[in-house]
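The values are calculated or read from the model by the stated rules, or taken from the named source; none is laboratory data. Model, not experiment: these values are computed from the prediction. Note that each Cβ is placed from the backbone with ideal geometry, even for glycine, and that neighbours are counted across all protein chains shown.
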Amino acid sequence: MEGLGKTKLWGSEVDMINAVNSVLLLSLFMAPAEEIKPQQPVKLTVVLRGADTDADVEVLTKALRSVKGVKIITDSISEGHRRFNNRFTTPIVITMPTSLGDDDANVGALATAVSEAKTKDREKFPPGVNLILFTDDALNEGSISALRSSLSRVNGVDVNRPGGPGGSLKDGWCWIRLENAGGAMLKEIEEKARTSGLKYRRLQHEQIE
């Protein structure tokens, strides 16, 4: 029978084959995408600089919360801890979004936001952020010096100013001063810090879930 297997719409068997292939390709593109599970936010510890009064703490924490996705977990935050001609809050546990689906975070964005906080005496006590890393290893002057050296080339970390990377021998934690210009990434800091020979973690033991 003339025209068997053909159709006036396409006009030839070749056209029909091409049309079928096009439909198959289209169906591949339209297939349901695999569900992407949302990344869990990272939890870490910071200390804010420039906290001379309770009012300063409110201004500084408001600036911290202004970073998209940041939540403050710590309930009670106090001020006035004196060190290196500045005033520091007590350690603050926060959560913040990961970057590019990895277990990393743009901690430099915290420093940039907090540095703009309009505290009462910001010229004398400039606002800023220190990242806190905890360790069970024994801290001493040698390990603190090794930490500074390991962080000397890390983007967004201020190692040269007074109050740069240092540690509290009594409390078992180190602080890492973040540059106000930003650029610091959490994983790079942690990886470089571990090359100093100590094992570091982001939280105190009781805060680890």
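Yes or no, residue by residue, for (1) under 25 Å from I73 (Cβ atoms); (2) hydrophobic (A, V, I, L, M, F, W, C); (3) over 13 Å from the mean Cα position of the chain (by Cα):
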position	(1), (2), (3)
D103	yes, no, no
V114	yes, yes, yes
A146	no, yes, yes
D158	no, no, yes
G167	yes, no, yes
R177	yes, no, yes
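Conditions: (1) surrounded by fewer than 14 Cβ atoms within 10 Å (Cβ to Cβ); (2) in contact with a Ser or Thr (Cβ under 9 Å, 6 or more places away or on another chain). I77 meets all but one. Number of the miss?
Evaluating I77 over (1) surrounded by fewer than 14 Cβ atoms within 10 Å (Cβ to Cβ); (2) in contact with a Ser or Thr (Cβ under 9 Å, 6 or more places away or on another chain) leaves (1) as the failure.
Answer yes or no as to whether R148 is at pLDDT below 95, of a type in the set (D, E, K, R) and touching a Pro at 6+ places or on another chain (Cβ under 8 Å). Give the steps one after another, and end with the answer.
Values: at pLDDT below 95: yes; of a type in the set (D, E, K, R): yes; touching a Pro at 6+ places or on another chain (Cβ under 8 Å): yes.
Judged against the criteria, R148 is a match.
Do you know which residues across the range 151-162 are crowded, with 16+ Cβ neighbours inside 10 Å and in a loop (DSSP other than H, G, I, E, B)?
Taking the range 151-162 and keeping what is crowded, with 16+ Cβ neighbours inside 10 Å, we get 151, 154, 156-159.
Correct list: L151, V154, G156, D158, V159.
Out of G101, G108, I need the residue that is modelled with pLDDT under 95 and either of a type in the set (G, A, S) or on the phi > 0 side of the Ramachandran plot (or both). Which one?
Numbers: G108 fails: modelled with pLDDT under 95.
Going through G101, G108 in turn, just one is modelled with pLDDT under 95 and either of a type in the set (G, A, S) or on the phi > 0 side of the Ramachandran plot (or both): G101.
L139 - would you say it is assigned by TED's automatic domain parsing to the domain that holds T90, more than 20 Å from the chain's Cα centre (by Cα) and of a type in the set (A, V, I, L, M)?
yes
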